[in-house]
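Just below is one structure, and these are the notes that go with it.
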Amino acid sequence: MDKLKALQYFLAAAQAGSLSAAARQQGVSLQAVAKLVGALETQLGATLFERGSRGLKLTADGAQYADACAPLLLQLQAADEGLRQAKQRPQGTLVVGGTPFFLQHCIVPALPAFHASFPDLTLDLRAVLHLDEAAARDCDLLVLHGWFEAGDWVRREMPVMPQVTVATPAYWKRHGMPRHPSELAGHNCLCYRNPYGKLLDLWRYRQAGMQNELVEQVIVRGWLSANHRDHLLELALSDGGVMRVAYATEQVNLASGRLVPVLLDWEVMDPPPLAIYFRPEQRRSSRLRVFADFLGTCCAELARLTNAKGQSTVDGRPAWHHGNSRRASSWLAHR
């Protein structure tokens, strides 16, 4: 057994919540991942995953082993990267496009450390929302949320960023905290309009029940919608309404109590997948490679901290995403 690959596949499966997602992330077959993870369990004499209809869940032994191994693997990757840097230090300019709020809240804060490792590499960040927009063509690499067809781009999926439903303490005090997703219909819900122009006014929640899985679908309404997340966030922080945010991007406001999450016993469904895109001819670029690896490390750490399970993939578009309707809720009337 290749112990290093077995650990890589195990940790990838733990972060993604499935063996197939780990296989896609590692660029190998599902059989290869399953074989090495199984061999690792046999060698350890322990069951690392509980396998169910909703994917994988770490056992107590698996969680303990993952916590112990993840830092060691990161140290090894850092050692490897350090040696590669000594041999060939990337230089020049890399044009990076991405979802603005993700770049601002998740990537830019980590850039000083990246620059310290690669001082000869210059970054040019561009705000890009859609794979097909004109600005994307000028980028060497894109990091985008959404269900995009890759087309001529090479796609590398990142761990999912789970979402929570939030408002300020003052808003909840004035309007009451919902105890069930259906109660959101009576609140001022701030809806995002995605890059396809579809208003995301259908908020879906899932909860594991004693007998089966419970799914609640709520058509929400509010007096403000926007295709820029920060416009909605500004109103939410001003006690103006309820919105859904990725936990990873709002850790500061959640930790400080400026935003208070509700319905934590329900999982927010359909979080938009996150992926890196680049041109095939850029595959061997050292500039692109080191930044893509940096993005992967950032996303993996955020997924670990926010307990991302990886149920959402670029190819797993929800049913409401299809069609030309301008509202996600229109799907309910036509299904």
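Among the residues of the stretch 257-294, just one is charged (D, E, K, R), within 15 Å of the chain's Cα centre (by Cα) and under 22 Å from ARG24 (Cα atoms), namely ASP270. Among the residues of the stretch 232-259, those identified as open to solvent by less than 20 Å² (accessible area, probe 1.4 Å), among the hydrophobic types (A, V, I, L, M, F, W, C) and part of a helix (DSSP H, G or I) are LEU232, LEU233, ALA236, ALA248. Within the stretch 147-167, if we keep just the residues that are touching a Leu at 6+ places or on another chain (Cβ under 8 Å) and of a type outside the set (A, V, I, L, M, F, W, C), the residue that is surrounded by the most Cβ atoms within 10 Å (Cβ to Cβ) turns out to be PRO159. Only a single criterion out of (1) within 30 Å of LEU103 (Cβ to Cβ); (2) surrounded by fewer than 13 Cβ atoms within 10 Å (Cβ to Cβ); (3) touching a residue at least 40 places away in the same chain (Cβ under 8 Å) is not satisfied by ARG174, namely (1).
Scanning the stretch 192-231 for residues that are among the aliphatic types (A, V, I, L, M) and either touching a helix residue (DSSP H, G or I) at 6+ places or on another chain (Cβ under 7 Å) or not in a loop (DSSP other than H, G, I, E, B) (or both) turns up LEU199, LEU202, ALA208, LEU214, VAL215, VAL218, ILE219, VAL220, LEU224, ALA226. Looking only at residues of the stretch 319-335 that are in a loop (DSSP other than H, G, I, E, B) and open to solvent by 30 Å² or more (accessible area, probe 1.4 Å), we find that the one that is modelled with the highest pLDDT is ARG326. The strands (runs of 3 or more DSSP E) found wholly in the stretch 96-191 and carrying at least 2 residues that are in contact with a Ser or Thr (Cβ under 6 Å, 6 or more places away or on another chain) and closer than 30 Å to ARG221 by Cβ occupy 141-145. Close Cβ contacts (under 6 Å, 6 or more residues apart or on different chains) running from residues in the stretch 141-158 that are within 18 Å of VAL290 (Cα to Cα) and at pLDDT 85 or above to residues that are in a strand (DSSP E or B) and among the β-branched types (Val, Ile, Thr) comprise LEU141/VAL96; VAL143/ILE276; ARG156/ILE276. With respect to (1) in contact (Cβ under 8 Å) with a residue 24 or more places away in the chain; (2) of a type in the set (S, T, N, Q); (3) not in a helix (DSSP H, G or I), the lone exception for GLN43 is condition (3). Could you check, for the stretch 8-28, whether at least one of its residues is among the basic types (Lys, Arg), farther than 25 Å from ARG287 by Cβ and open to solvent by 70 Å² or more (accessible area, probe 1.4 Å)? Scanning the stretch 8-28, I find no residue that is among the basic types (Lys, Arg), farther than 25 Å from ARG287 by Cβ and open to solvent by 70 Å² or more (accessible area, probe 1.4 Å), so the answer is no. Exactly one residue out of VAL218, VAL290, VAL262 is open to solvent by less than 20 Å² (accessible area, probe 1.4 Å) and free of Cβ contacts under 8 Å to residues at least 40 places away in the same chain, and it is VAL218. There is at least one residue in the stretch 56-64 that is among the β-branched types (Val, Ile, Thr), free of Cβ contacts under 8 Å to residues at least 40 places away in the same chain and in contact with a Leu (Cβ under 7 Å, 6 or more places away or on another chain).
Restricting the first member to the stretch 225-248 and to residues that are closer than 17 Å to PRO271 by Cβ, and the second to residues that are buried (at least 20 other Cβ atoms within 10 Å of the Cβ) and of a type in the set (Asp, Glu), the beta-carbon pairs closer than 9 Å and six or more apart or on different chains are LEU233/GLU250. The set of residues in the stretch 288-318 that are outside any helix (DSSP H, G or I), touching a helix residue (DSSP H, G or I) at 6+ places or on another chain (Cβ under 6 Å) and either modelled with pLDDT of 80 or more or within 20 Å of LEU74 (Cα to Cα) (or both) contains only THR306.
The values are calculated or read from the model by the stated rules, or taken from the named source; none is laboratory data. The structure presented is a predicted model; accordingly, all values stated were derived computationally and were not measured. Here the Cβ is made from the backbone with ideal geometry for all residues, glycine too, and neighbour counts use every protein chain on show. Ligands, DNA and RNA are stripped out before the accessible areas are found, and what is left, the full protein with its side chains, is counted by its heavy atoms. Shrake-Rupley method; radii C 1.70, N 1.55, O 1.52, S 1.80 Å.
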